[in-house]
1. Helix 72-81 versus the longest principal axis of the chain: what angle, 0 to 90°, nearest 10, using Cα atoms?
2. Answer with one residue from 40, 83, 134: the one whose Cα lies farthest towards the positive end of the charge dipole of the chain, charges on Cβ with Lys, Arg +1 and Asp, Glu -1.
3. With Cα extents along the principal axes in Å as the read-out, I listed [x] 67, 47, 35; [y] 41, 34, 28; [z] 71, 32, 31; which label goes with the value calculated from this structure?
4. Taking only protein heavy atoms and a 1.4 Å probe, what accessible area per residue, in Å², does the chain have with all protein chains in place?
5. With loop defined by DSSP as not H, G, I, E or B, and exposure as at most 10 other Cβ atoms within 10 Å, which is the longest segment of the chain clear of exposed GluC sites (Glu not before Pro)?
6. Is it possible to state the helix-based mean residue ellipticity at 222 nm for the chain, with each DSSP H run of 4+ residues giving -39500 (n - 2.57), the sum divided by total residues, to the nearest 500 deg cm²/dmol? What is it?
7. If you put +1 on each Lys and Arg Cβ and -1 on each Asp and Glu Cβ, how big is the dipole of segment 80-144 around its Cα centre, in Debye rounded to 20?
8. With a point put 7 Å past each Cα toward its Cβ, work out how far residue 68 is from residue 39 in nm, to one decimal.
Amino acid sequence: MASDSKEEYLSVSSFKVSLQGGTWETYESVSGMGLEMEDIPFQTDKNQMTNRPGRCNAHDIVLTRRFKKDKELYNWMKAVKEGKQERKTGSVILQDDQQKEVARFNFDKAWPKIWKAPSLSKDRGGNDILLETVVLSVSDLEMA
């Protein structure tokens, strides 16, 4: 059956990351968002093998931004390292040319699993853009 509705493909000119109250537009990249279902094999009553979905796992989210003087991401990692259960909710918000929201990915119970300081090299003449990376372990991801 043919659909009368026109397919709409999204084009994103910018994105923002919102993390428990703060919103940053300085992120260079966001990657890794996704969900994965466990594939559980089981035997049917007819002695055949088949698969069924098991537990759902949200993938880690990798955020890379320009290195700034603020220590917000590092301090969050440090707090978790010291045993504080500091989990946050957040969103990755996709925007069109007019800065209107076109899609949103909400994540829940995030904590920093990896924090990476900028890579440094004298070979490039000292004009590098410094980037820091944080990998968030998240409990759930939803496309709103």
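1. Approximately 60 degrees, to the nearest 10.
2. Value computed over the given set: 83.
3. Calculated Cα extents along the principal axes in Å: the matching label is [x].
4. Result: 73 Å² of accessible area for each residue.
5. Maximal segment without exposed cleavage sites: 9-81.
6. Mean residue ellipticity, 222 nm, calculated: -2000 deg cm²/dmol.
7. Around 340 debye, computed over segment 80-144.
8. Each label point is offset 7 Å from its Cα along the Cβ direction, giving 4.2 nm.
The values are calculated or read from the model by the stated rules, or taken from the named source; none is laboratory data. Just so you know, these numbers come straight off a predicted model, no measurement behind them. Every residue, glycine among them, receives a Cβ derived from its backbone with ideal geometry; neighbour counts consider all protein chains shown. Areas reflect the complete protein model, heavy atoms only, side chains present, ligands, DNA and RNA absent. Shrake-Rupley method; radii C 1.70, N 1.55, O 1.52, S 1.80 Å.
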